[in-house]
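First up is the structure itself, then whatever we jot down about it.
The values are calculated or read from the model by the stated rules, or taken from the named source; none is laboratory data. Keep in mind that this is a model prediction, so the values were computed, not measured. FYI the Cβ positions are ideal-geometry reconstructions off the backbone, even for glycines, and counts take in every protein chain you see.
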Amino acid sequence: MAQDPYRCPDAAIAELVSRPRVVEILDALTQSPMTRRALARHVHAGGRTVCTGLRALAAHAAVQRGSLGGSWDCAGPATARYELTGHGRRLVDRLSRLEEWTALYEHYLR
């Protein structure tokens, strides 16, 4: 049985949110599914940064590439829309609490 990324160790969450623009991507995707280009505009980042962030989030089962699925080795079609998974929504809920950020900072990010 696969581990629920929402329950992943705090160190894994700390590593994930320390990546450039990952938190901003999560926030943007709470509003609606978006293409890479729309995400790049929304988070004020380059395409490579957004693609790297999306791959990291996908590795934690927090985002999916619409109904396309497939390998994340390539960027996917420009029209692909990225969206939060159930795990991703639970991660956003967890990160929306100040005590979570305080604990992450105290134990891992200081």
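Being of a type in the set (D, E, K, R), modelled with pLDDT under 90, surrounded by fewer than 16 Cβ atoms within 10 Å (Cβ to Cβ) and touching a His at 6+ places or on another chain (Cβ under 8 Å) narrows it down to one residue among Asp4, Asp73; which is it?
Numbers: Asp73 fails: touching a His at 6+ places or on another chain (Cβ under 8 Å).
Exactly one residue qualifies, and that residue is Asp4.
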If Met34 meets every condition in (1) surrounded by 17 or more Cβ atoms within 10 Å (Cβ to Cβ); (2) of a type outside the set (S, T, N, Q); (3) closer than 19 Å to Ser96 by Cα; (4) at pLDDT 90 or above apart from one, which number is that one?
(3)
Which numbered condition in (1) loosely packed, with under 14 Cβ neighbours inside 10 Å; (2) modelled with pLDDT of 95 or more; (3) assigned to a loop (DSSP other than H, G, I, E, B) is the only one that Ala45 fails?
(1)
Within region 16-27, is even one residue among the polar types (S, T, N, Q), surrounded by fewer than 19 Cβ atoms within 10 Å (Cβ to Cβ) and modelled with pLDDT under 95?
yes
If we scan region 51-59, do we find a residue that is farther than 16 Å from Met34 by Cβ, at pLDDT 85 or above, surrounded by fewer than 17 Cβ atoms within 10 Å (Cβ to Cβ) and aliphatic (A, V, I, L, M)?
yes
Just to be sure before I move on: is Ala12 aliphatic (A, V, I, L, M) and modelled with pLDDT of 90 or more in the structure I sent?
no
Conditions (1) under 22 Å from Thr102 (Cα atoms); (2) modelled with pLDDT under 95 -> Gly88 fails only (2)
